[in-house]
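Worksheet for the structure shown next.
The values are calculated or read from the model by the stated rules, or taken from the named source; none is laboratory data. Bear in mind the structure is a predicted one, so any value in this text is a computation, not a measurement. For neighbour counting, all protein chains shown are included, and Cβ atoms are generated from backbone atoms with ideal geometry for every residue, glycine included. Surface accessibility is based on the protein's heavy atoms, side chains included, excluding ligands, DNA and RNA. Shrake-Rupley method; radii C 1.70, N 1.55, O 1.52, S 1.80 Å.
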Amino acid sequence: LFPPGSVVPAGPLADGVTAAVVAAFGLALRLAGPFLLAGVVWQVGLGVLARVAPQLQAYAAATPGQILGGLALLAVLGSQMIEAWLGGVSSAWMLLPGL
């Protein structure tokens, strides 16, 4: 669409690339949403536990549980995430100019 080594022209090409980046970022947030929510809930729970039992090293003791929980969440949601990713990527490719 433009010669190599030249400056990328602004206009319709930039608008198409911007729309593709926005769609990709939105898809990434949708896919990461359950992990972000579980991480926030987990950290709040650990903060409460650290206040209730200050002698317990809550963060060091809970790290394996956090890793296991993330892997379990990935195992449960993996197939749905791949399907959502495939749908999002196929629609995002259509936003790129020249396709």
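Residues in region 2-36 that are part of a helix (DSSP H, G or I) and of a type in the set (V, I, T) were compared, and the one that is modelled with the highest pLDDT is V22.
If you go through region 33-91 and keep only what is open to solvent by 50 Å² or more (accessible area, probe 1.4 Å) and touching a residue at least 60 places away in the same chain (Cβ under 8 Å), you end up with just S91. Please work out if A19 is touching a residue at least 40 places away in the same chain (Cβ under 8 Å) and open to solvent by less than 100 Å² (accessible area, probe 1.4 Å). Answer is yes for this residue. Of these, L56, L74, L46, which one is part of a loop (DSSP other than H, G, I, E, B), farther than 30 Å from G11 by Cβ and either of a type in the set (S, T, N, Q) or out of contact with any Pro (no Cβ under 6 Å at 6 or more places or on another chain) (or both)? Every option except L56 fails the conditions.
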